[in-house]
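Remarks on the structure that follows.
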């Protein structure tokens, strides 16, 4: 039942195991001890909270058009995209304005009243909190049988 292994083969296998294990340990220690990222922190993704009617894809597209997209990264307090560099606070303000302009597909109704963007500059996660307020929508009915229209009160 026992497999016969020569002593020199066993020593070679143990040395190979120790070398592989120590190489992995050195790689981990070298990565863990480095605290600087050369190019900055890449944007990891966009997470949207609080939307009911406006689709996620519309909100994410508007946030991405503000600069928080794949390929962009944060270096200090600057957002660096493939086309421009801007302050992180300016990018957040632009993103909030663009999210407020997100409409319900097929209409011109923009029910998003408040948008807040939070960016974690350590991980690159972007969180968008959205409040949809349907009280800003004015519904006007000219005739019950002919037509009805709904328009949003968009304040810029």
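Here, each number is a calculation from the coordinates, and none is a lab measurement. Treat the numbers as computed from the prediction; the structure is a model and nothing was measured. Note: ideal-geometry Cβ built from the backbone for every residue, glycine included; neighbour counts use all protein chains shown.
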Check: In the P(r) worked out for the range 41-152, what percent of Cα pairs fall beyond 22 Å?
Finding: 38
Checklist line | Cα shape, the range 1-60, gyration tensor, a/c 1.5 rule | finding: oblate
Notebook entry, point to check: Using a Förster distance of 22 Å, how high is the FRET efficiency between residue 28 and residue 127, based on the Cβ-Cβ distance and rounded to 0.05?
Noted result: 0.15
Checklist line | Potential lengthening between residue 44 and residue 2 on full extension [0.36 nm per residue; Cα-Cα distance subtracted] | finding: 9.9 nm
Check: Taking neighbour counts of Cβ atoms within 10 Å as a proxy for exposure, in what order, fewest first, do 134, 17 appear?
Finding: 17, 134
Checklist line | Protection-proxy order for peptides 20-30, 58-68, each taking the mean of Cβ atoms within 10 Å per residue, highest first | finding: 58-68, 20-30
